[in-house]
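The values are calculated or read from the model by the stated rules, or taken from the named source; none is laboratory data. Predicted model only: the values in this text are computed from it and were never measured. Here the Cβ positions follow ideal geometry from the backbone for every residue, glycine too, while neighbour counts run over all protein chains shown.
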Amino acid sequence: MRDLANHVIPRGFRFAAAKAGLKASGRPDFAVVVADAPASAAAAFTSNRVVAAPILVDKEHLTATGGRVRVAAINAGNANCAVGEPGLRAARATCAAAAQVFGCRPEEVFPSSTGVIGVPLPVEKLIAVLPGLAADLGSGSRHFLDAAHAILTTDTAVKTAFARVHLAGRDGAAREVRIAAFGKGSGMIHPQLVPHATMLVYILTDAAISPADLDGYLRPAIEVSFNRISVDGDTSTNDTVLLLASGASGVSIGHGDQAFAAALTQVCTSLARQVVADGEGISHVVELCIGGAANDADALRVARAIAHSPLVKTAWAGCDPNWGRLAAAIGYSGAQIDPNRIDIRFGELPICRDGGRAAEFDEAAAHSYVSRREFSVAIDLHQGPGSCVFWTTDLTHDYIRINADYST
């Protein structure tokens, strides 16, 4: 990973991480991404109506700057949420201090937080380590990965993704555009990001793209990646995806560039699947392939009903091929269905046909298949052209243990 990162980290950005003392473990818990010049920015945030203070500040700052960011300042170990006005003061104090250290306007700082909700953020700890972060800034893979590690909470693995695409530069010659991203997320994962434990994602590119066009690329990429995952069905108060474009590659991109859009979607999908694969306490990752729905919205309704069903998820935890629970979830999903036309497969194994047990259903084979770490479930509703792909997990005793002990 380090060798790969050396070649694809976008130009125009530097990174650093530090131990501010927010995590009880004593591990690094504060990271910054610093653009060499104000970068174009597009962001999407949680749809939860209880919103962390940094998100409120981020929206203010993106409006004030017309979508420009110099510094992303990310702390782990405290969500800075549900603490009232002191939370806003803490977020703004972080921005003011970062602006002084990194030589920019406070409005050009984009704060993020993740961790325990309802505990005041000891902002003085963040401010104290900012000078050290500035001294440690670097653009290499080590600095990038240090930042990726520092934002983790209950995650067990760092999450990064990279892509390269060759496009015509300002002089007409083909030039390399780089995309790199890092993120965190393990529990409290059902992001539901809209234009208006937490998943935080930071995507960087060295293409030159206006904030408006950048937003036009980010929305569809999010829709088929981060909005298609769920670990536990809980939508966090802090979910954030930030996309920054430095322009340092010398390649200007307008709207509708299919090669860039495909590379961005690839990066977002990779990170989204890594979040699911690192779900708290999970033992199975499940890909739901819903087809034949009346429309795409109905396909998504079915996927979410299945992904959020405790009965389905606990059956998966026990490697139980109990397809009746899938049928029940489809029935209450709110999607248009005909119960007598539902087909279900586990991988290539026929399970349900025309709403009933398939004649060739093999329980032993089905059990063996859903015992795998990763498996797929395909459902055809025979109602229309709607479809979606969705990634989710099982629900285990370990998930309960992790979350029962989280704040203590």
Within the set of pairs 6+ apart or on separate chains, which have a first residue in region 16-35 that is assigned by TED's automatic domain parsing to the domain that holds Ala76, a second that is surrounded by fewer than 21 Cβ atoms within 10 Å (Cβ to Cβ) and among the aromatic types (Phe, Trp, Tyr), and C-beta atoms under 6 Å apart? Val34/Phe102
If a residue has to be of a type in the set (Ser, Thr, Tyr) and at pLDDT 95 or above to count, how many in region 30-50 make the cut? 1
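Based on this model, can you work out whether Gly247 counts as in a loop (DSSP other than H, G, I, E, B) and more than 22 Å from the chain's Cα centre (by Cα)?
Numbers: in a loop (DSSP other than H, G, I, E, B): yes; more than 22 Å from the chain's Cα centre (by Cα): yes.
Spelling it out, Gly247 is indeed in a loop (DSSP other than H, G, I, E, B) and more than 22 Å from the chain's Cα centre (by Cα).
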Against the definition (touching a Gly at 6+ places or on another chain (Cβ under 8 Å), at positive phi, modelled with pLDDT of 95 or more and not hydrophobic (A, V, I, L, M, F, W, C)), how does Gly347 come out, yes or no? no
For region 330-353, give me each residue that is surrounded by fewer than 20 Cβ atoms within 10 Å (Cβ to Cβ) and small (Gly, Ala, Ser). Gly331, Gly334, Gly347
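Table: residues versus (1) at pLDDT 95 or above; (2) not assigned by TED's automatic domain parsing to the domain that holds Arg175; (3) not hydroxyl-bearing (Ser, Thr, Tyr).
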{"position": "Thr205", "(1), (2), (3)": "yes, no, no"}
{"position": "Gly216", "(1), (2), (3)": "yes, no, yes"}
{"position": "Asn227", "(1), (2), (3)": "no, no, yes"}
{"position": "Asp232", "(1), (2), (3)": "no, no, yes"}
{"position": "Ala248", "(1), (2), (3)": "yes, no, yes"}
{"position": "Ala259", "(1), (2), (3)": "yes, no, yes"}
Looking only at residues in region 282-306 that are of a type in the set (Gly, Ala, Ser) and in a loop (DSSP other than H, G, I, E, B), which one is surrounded by the fewest Cβ atoms within 10 Å (Cβ to Cβ)? Ala294
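Scan region 126-161 for residues that are of a type in the set (Asp, Glu), surrounded by 19 or more Cβ atoms within 10 Å (Cβ to Cβ) and modelled with pLDDT of 95 or more and jot them down. If you could, list the steps in order and put the result at the bottom.
Our first condition is that a residue be of a type in the set (Asp, Glu); within region 126-161, this holds for 136, 146, 155.
Restricting the remaining residues to those that are surrounded by 19 or more Cβ atoms within 10 Å (Cβ to Cβ) gives 146, 155.
The one that is of a type in the set (Asp, Glu), surrounded by 19 or more Cβ atoms within 10 Å (Cβ to Cβ) and modelled with pLDDT of 95 or more: Asp146.
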Looking only at residues that are at pLDDT 75 or above and among the basic types (Lys, Arg) in region 162-196, which one is surrounded by the most Cβ atoms within 10 Å (Cβ to Cβ)? Lys184
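Among the residues of region 264-280, write down those that are surrounded by fewer than 22 Cβ atoms within 10 Å (Cβ to Cβ) and of a type outside the set (Val, Ile, Thr). Outline the logic, then answer.
Narrowing region 264-280 to residues surrounded by fewer than 22 Cβ atoms within 10 Å (Cβ to Cβ): 265-266, 269-270, 273-274, 277.
Scanning region 264-280 gives Gln266, Ser270, Arg273, Gln274, Ala277.
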Identity of the residue in region 105-115, of a type outside the set (Gly, Ala, Ser) and crowded, with 17+ Cβ neighbours inside 10 Å, that ends up farthest from Ala72 (Cα to Cα): Thr114
Mind counting the residues in region 79-91 that are surrounded by 20 or more Cβ atoms within 10 Å (Cβ to Cβ) and either part of a helix (DSSP H, G or I) or not assigned by TED's automatic domain parsing to the domain that holds Leu22 (or both)? 3
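For region 52-70, check the following and say yes or no: at least one residue is closer than 15 Å to Phe30 by Cα and not in a helix (DSSP H, G or I).
Looking through region 52-70, none of the residues is closer than 15 Å to Phe30 by Cα and not in a helix (DSSP H, G or I).
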